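This report refers to the structure that appears directly beneath it.
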Amino acid sequence: MPLQGKRVKMFVCGITPYDYTHVGHARTYVAFDVIARYLRYRGYSLFYLQNVTDVDDRILNRAPEVGLGWDELGNTYLKDYMRTMEALNVTTVNLYAKATDYVPEIIEQVEALLEKGHAYQVDEDVYYRVSSFEGYGNLSGVKLEELRSGARVEVDERKEDPQDFALWKSRKPGEPYWDSPWGAGRPGWHIEDTAISIAHFGPQYDIHGGGNDLIFPHHDAEIAQAEAFTGVKPFVKYWMHTGFVVIKGERMGKSLGNIVPVREVLERYSPEVLRFFLVYTQYRSPIDFTYEAVEEARMAYERLLEAYARARQELGEAPEAKAAGDVSLRGAMKSTASSFFQAMDDDFNTRDALAALFRLTSSFNAAVEKGLSRERLVAFLEAYQTYGHILGLFEGAMGPSPDLLEGLIRVLVSLREEARRNKDFKTSDWIRDELARLGVKLEDTSRGARWRIS
Ligand SMILES: [Zn+2]
């Protein structure tokens, strides 16, 4: 249940653009794309906000390694990310917000946290005082005592507690900086996200998403900052985290050196197949990435596409209202609808939703052998389109683009005109009747034929 009627505010932690978009990213953002699509399909008015961490240690460390300015590096990989998202049919984000556009809001939050005693300044750095926030670590269940007693390689002696995190980092040579009451510097990572989300959503909103690896410390830190800043609890109503992409038993991650960039997969498979592969697991479960598994996904996806293509093909020859396979397919469609939506209502279980679609495909394949009416085929195609729209699949298979269709109609219309000029009325009438059967009405005027799609 959203906080306000049918309005849903969703914030998902975005990327830090310092390298190519990999399959782990694709998994998270495809998952939230499906979640957004489904909530909108269900009638919610969803605003989907995603941040871009465009200033961060990882960018600043990488830029000199590759001989680029920090902002050039960020722009390069942000472009790669946007292109990848477009290829994967991720279309639901309303706003991508860059952290560097929110420095005034960040400074305002840091100032307020200092005033309230939740933060302290050391030289020109500002840290969050985790001991000041009751329940720090509750989201992740991490116990601070255990972390404190664990061996720490690097301890910053200036911090009161090793778990205190930076809100503001003082300027280092060669780094970008902004002026602040504490001197020139740049924001810490966690405060960027609360500044952006509070600027757009206020002190409380419905859904905060991200990868599993962000729960601690990132999301626990966000809660501590936001609730201390606004005084409103809870900051977020639903936390949603995607499972890891696993490769040979280890989480895929840049720091582990085992990432598979999306562009590498797209050299071998279409983006639709990759999207299908990712959607074929419920978002919280881990995905084991192997090319064998992607190949299996390709074959499974093809089975769905083949049924769709077959239904379109049969349409031309099908009897209008009644055929022997109709009853069994109608039954299968009814039970598919209920299983599909039940699965999606059960924490967006795309795995079970797709399983329902596979059962429908088998029923279709059996029914089409007995014969299906035009009416049933149209209903089947429409149902497929609805499921496809929710999952962001099949859209490449939905048929030619409107431009192509219009062009083809224009070619047929001029062929018919040509036939008429040659007094070949048999051909010209045949073209007119066939077009009419497909729902394209021709009207002869003094200035040539006009057409419209009914
Ligand atoms: Zn974040």
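For region 159-208, the candidate set comprises residues that are out of contact with any strand residue (DSSP E or B) (no Cβ under 6 Å at 6 or more places or on another chain) and among the β-branched types (Val, Ile, Thr); within that set, the residue that is nearest to Leu68 (Cα to Cα) is Thr194. Quick one: would you say Arg432 is in a helix (DSSP H, G or I) and of a type in the set (D, E, K, R)? Against the criterion (in a helix (DSSP H, G or I) and of a type in the set (D, E, K, R)), Arg432 qualifies. Test Gly243 against the stated conditions and say whether it is of a type in the set (Gly, Ala, Ser), within 24 Å of Ser285 (Cα to Cα) and within 13 Å of the ligand (Cβ to nearest atom). No. Ala311 meets each of the listed conditions (1) open to solvent by less than 30 Å² (accessible area, probe 1.4 Å); (2) more than 16 Å from the ligand (Cβ to nearest atom); (3) in contact with a strand residue (DSSP E or B) (Cβ under 7 Å, 6 or more places away or on another chain) apart from (3). All conditions in (1) assigned to a loop (DSSP other than H, G, I, E, B); (2) of a type in the set (D, E, K, R); (3) over 15 Å from the mean Cα position of the chain (by Cα) hold for Arg284, with the sole exception of (3). When Gly5 is tested against (1) free of Cβ contacts under 8 Å to residues at least 24 places away in the same chain; (2) over 25 Å from Thr386 (Cα atoms); (3) of a type in the set (Gly, Ala, Ser), exactly one condition is not met: (2).
Residue count for region 1-17 under the criterion of being in contact with a Phe, Trp or Tyr (Cβ under 6 Å, 6 or more places away or on another chain) and within 16 Å of the ligand (Cβ to nearest atom): the result is 5. Total residues in region 178-215 satisfying the condition of being under 26 Å from Val246 (Cβ atoms), more than 12 Å from the ligand (Cβ to nearest atom) and either open to solvent by 20 Å² or more (accessible area, probe 1.4 Å) or part of a helix (DSSP H, G or I) (or both): the figure is 1. Of all residues in region 3-21, those satisfying the criterion of being more than 20 Å from Ala99 (Cα to Cα), open to solvent by 20 Å² or more (accessible area, probe 1.4 Å) and either at pLDDT below 95 or in contact with a helix residue (DSSP H, G or I) (Cβ under 8 Å, 6 or more places away or on another chain) (or both) are Leu3, Gln4, Gly5, Lys6.
Residue pairs whose Cβ atoms lie under 6 Å apart, sitting 6 or more positions apart in sequence or on different chains, and linking a residue in region 321-347 that is within 14 Å of Ala379 (Cα to Cα) to a partner that is open to solvent by 70 Å² or more (accessible area, probe 1.4 Å), are Ala321/Glu375; Gly325/Lys370.
Scanning region 375-399 for residues that are touching a Gly at 6+ places or on another chain (Cβ under 9 Å) and either open to solvent by 50 Å² or more (accessible area, probe 1.4 Å) or modelled with pLDDT under 85 (or both), which turns out nearest to Arg37 (Cα to Cα)? Restricting to residues being touching a Gly at 6+ places or on another chain (Cβ under 9 Å) and either open to solvent by 50 Å² or more (accessible area, probe 1.4 Å) or modelled with pLDDT under 85 (or both), the top hit is Glu395.
Taken residue by residue, region 332-348 has at least one member that is within 19 Å of Tyr283 (Cβ to Cβ), under 30 Å from the mean Cα position of the chain (by Cα), of a type in the set (D, E, K, R) and open to solvent by less than 80 Å² (accessible area, probe 1.4 Å).
Evaluate region 340-357: report whether one residue or more is closer than 28 Å to Ala436 by Cα, in a helix (DSSP H, G or I) and of a type in the set (Ser, Thr, Tyr). No, every residue in region 340-357 fails to be closer than 28 Å to Ala436 by Cα, in a helix (DSSP H, G or I) and of a type in the set (Ser, Thr, Tyr). Within region 216-227, take every residue that is within 13 Å of the ligand (Cβ to nearest atom) and not acidic (Asp, Glu) and give me the one that is surrounded by the fewest Cβ atoms within 10 Å (Cβ to Cβ). Filtering region 216-227 for residues that are within 13 Å of the ligand (Cβ to nearest atom) and not acidic (Asp, Glu), the one surrounded by the fewest Cβ atoms within 10 Å (Cβ to Cβ) comes out as Phe216. A Cβ distance below 6 Å, combined with a sequence gap of six or more or placement on separate chains, defines the contacts here; from region 50-74, residues that are in a loop (DSSP other than H, G, I, E, B) reach residues that are more than 14 Å from the ligand (Cβ to nearest atom) and modelled with pLDDT of 95 or more in the pairs Asp54/Gly74; Asp54/Thr100; Val55/Thr100; Val55/Arg186. Note on region 267-281: among residues that are open to solvent by 40 Å² or more (accessible area, probe 1.4 Å) and either in a helix (DSSP H, G or I) or of a type in the set (A, V, I, L, M) (or both), the one that is farthest from Tyr387 (Cα to Cα) is Pro271. Number of residues in region 22-39 that are aromatic (Phe, Trp, Tyr) and either on the phi > 0 side of the Ramachandran plot or surrounded by fewer than 23 Cβ atoms within 10 Å (Cβ to Cβ) (or both) equals 1. Among residues that are touching a residue at least 24 places away in the same chain (Cβ under 8 Å) and either within 16 Å of the ligand (Cβ to nearest atom) or over 15 Å from the mean Cα position of the chain (by Cα) (or both), Ala36 is not included. Checking each residue in region 42-61 for being modelled with pLDDT of 95 or more, of a type outside the set (Phe, Trp, Tyr) and open to solvent by 30 Å² or more (accessible area, probe 1.4 Å) picks out Arg42, Gly43, Ser45. One residue is enough: does region 19-38 have a residue meeting the conditions touching a His at 6+ places or on another chain (Cβ under 8 Å) and farther than 20 Å from Val245 by Cβ? Checked against the condition, which is being touching a His at 6+ places or on another chain (Cβ under 8 Å) and farther than 20 Å from Val245 by Cβ, region 19-38 yields at least one hit.
The values are calculated or read from the model by the stated rules, or taken from the named source; none is laboratory data. Given the structure is predicted, the values throughout are model-derived calculations rather than measurements. When we count neighbours, we look across all protein chains shown, and the Cβ atoms used for this are built from the backbone with ideal geometry, even at glycine. Heavy atoms of the whole protein, side chains included, go into the accessibility calculation; ligands, DNA and RNA do not. Shrake-Rupley method; radii C 1.70, N 1.55, O 1.52, S 1.80 Å.
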